[in-house]
Structures are given as structure tokens and as C-alpha cells.
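Take a look at the structure below.
The values are calculated or read from the model by the stated rules, or taken from the named source; none is laboratory data. Every value quoted in this text rests on a predicted model; they were computed, and no experiment measured them. Neighbour counts run over all protein chains shown; Cβ positions are idealised from the backbone, glycine included. Remember, those area values only see protein heavy atoms, side chains included, never the ligands or the DNA or RNA. Shrake-Rupley method; radii C 1.70, N 1.55, O 1.52, S 1.80 Å.
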Amino acid sequence: MLITLPNVLDAATLQRVQELLAELPFVDGRASAGGDARRVKNNQEADPADQRMKALNRLVLLPLYRHPLFQAAAMPKRLSGAFFARYQPGMSYGAHVDDPVMGPEGGHYRSDVSMTVFLNPTAAYDGGELVVETDYGEQRVKLEAGDAVIYPSSSLHRVDPVTRGERLVAVAWAESMVREPERRRLLFDLHQIEEELRSVDPDARVTRRTGRARANLMRMWADV
């Protein structure tokens, strides 16, 4: 399930994020990669030790966490910190699957949902598409600044080479209350149906029954 989230960050937040990133030192992105991903990773990331990273995380992750589509689709139990990645001409990230368990010792979390928040305009660079393999073939994603995309962390995915300009993104992961992607998909579908029914007749019997079915499935499947 690949879902785009429009307008996660407003213009003022984007400007502040871009200002902070312009000030921060960047390091080799391979330092944060695990397993085989290190071999195919070629980008730069804002230095995670810099104290300004705390402000960047608040600016980007709080609006993402509060986005209604993110809540409905990811059903987050725990959210990681973000990595702020920069891709310049010739840089890419080859096909890989995200590590199943992330985080420092004593703070491990399971990566169920991967997310990318786009931080600069598509006109600022050529190439650099996020390519995610799905049951329906490859899905190519290149969104405008402030938009985001989420997809199962179990998906094979890559970032195509940037050929001009600079690609700036924030990437993060969520541990979901519902581990299985297929169950999250079903719950999200029921959420969308319920929202459509509510817009027509919130008190209709079918609206209440749909809401009850989703709530009871969540009760069966949620790990809290």
C-alpha cells in the first residue's frame, strides 16, 4: 500500500527546514545504513550529532504524525527520528529493503511503515525518483515540497540517480499497531468507506455498521 500525503508541511515550515539544512554539516549517508544497504547507498545526510537536528525533527515529524491520512494508514505505535538526506548529481540509493529492526540498544523498534517527506521542489532537480516495487509493478514517486509518501518497509525500493540539481528529503519509519500490511490495507479501506458514508449520512445504519466493523477489527489486530 503506497499512499501519498499532500501538504504535510506548510510554506513557513518548509522555509525554516530549508534554512536549517543550509546551515548543517552533511556526512556520508552510508554511516546510517545497515546490512547490504550500505553497499548500494550513495548520498549525504545531515549530521545526526548536530543539536539542530532536534528542531528539524519537531518541524517535520509532528505535522506528519498529525496528518489524518498518516494516522489512518499507518496506525503508528512508535515513530523514529528522521534522517535528512541530500542527493547531488551522480548520487543514488540502489534497490534495498529497510532493516526490519532499527533504533539504538534499548530503544529498538520494528520498521513497518517507511516514509519520505519531500523538502524541495521537483523543478530543483532531475532524476531522483523514489521507485517502490509493489504487487502492481514499480511505482515511481517524485512529489512537490511538503508532500510525503508512505509504503510498507518490507518493499524493495530504490532512489534513481540525480542528474541535475539537488534532492532534499526527510526519511523516517513507524512501528504500526497493526503489523501485517494486508490488515493495515483493509483497515484503511474501511476507514475511507466510512468517511464517504459519513459525508452522505453520518447517522445511517450502514455508516454505523461500517464504523463498528473497523473498530472491532482494530480491536482484534492491534498490538498496543
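Computed from the Cα positions only, the extents of segment 135-192 along the three principal axes stand at 41, 25, 21 Å, in decreasing order. With all pairs of separate Cα atoms included, segment 108-151 yields a Kirkwood hydrodynamic radius of 11.8 Å. Note on segment 16-58: Cα convex hull, mean projected area over all directions, 3.3 nm². The alpha carbon convex hull volume per residue for segment 60-169 rounds to 108 Å³. Axis of helix 205-221 versus longest Cα principal axis of the chain: the two differ by about 60°, to the nearest ten degrees.
Apolar share of the accessible surface for the chain: 51 percent from carbon plus sulfur atoms, 1.4 Å probe.
Its Cα gyration tensor gives segment 91-224 an equivalent ellipsoid, and the semi-axes of that ellipsoid, as √(5λ) in whole Å with the largest first, are 33, 20, 13. Each 10 Å bin from 0 upward holds the following percent of the Cα-Cα pairs of segment 6-131: 11, 40, 42, 8, 0. Where in segment 1-79 are there GluC sites (Glu not before Pro) that are in a DSSP coil and have at most 16 other Cβ atoms within 10 angstrom of their Cβ? In loop regions of segment 1-79 (DSSP not H, G, I, E or B), there are no sparsely surrounded GluC sites (Glu not before Pro). In the frame of its principal axes, segment 30-99 has Cα extents of 35, 28, 22 Å, reported largest first.
Can you give the relative contact order of the chain as a percent, counting alpha carbon pairs under 8 Å and 6+ residues apart?
Working: 430 pairs, mean separation 55.5, N = 224.
About 25 percent, as a whole number.
Each helix, a run of at least 4 DSSP H residues, gives -39500 (n - 2.57); summed and divided by the residues of the chain, these come to -10500 deg cm²/dmol at 222 nm. A P(r) calculated from all alpha carbon pairs of segment 166-222, with 10 Å bins opening at zero, reads 21, 38, 24, 12, 4, 0 percent. Grouping the Cα pair distances of the chain into 5 Å bins from zero gives a pair-distance distribution of 1, 7, 14, 18, 19, 17, 11, 6, 4, 2, 1, 0 percent in increasing distance order. Computed with a 1.4 Å probe over protein heavy atoms only, the accessible surface of segment 132-224 comes to 57 Å² per residue.
If you keep only loop residues by DSSP, which chymotrypsin sites (Phe, Trp or Tyr not before Pro) in segment 136-224 have at most 11 other Cβ atoms within 10 Å of their Cβ? Don't skip to the end; give the middle numbers.
Values: sites: Tyr136, Trp173, Phe188, Trp221; in loops: Tyr136.
Loop-located and lightly packed - Tyr136.
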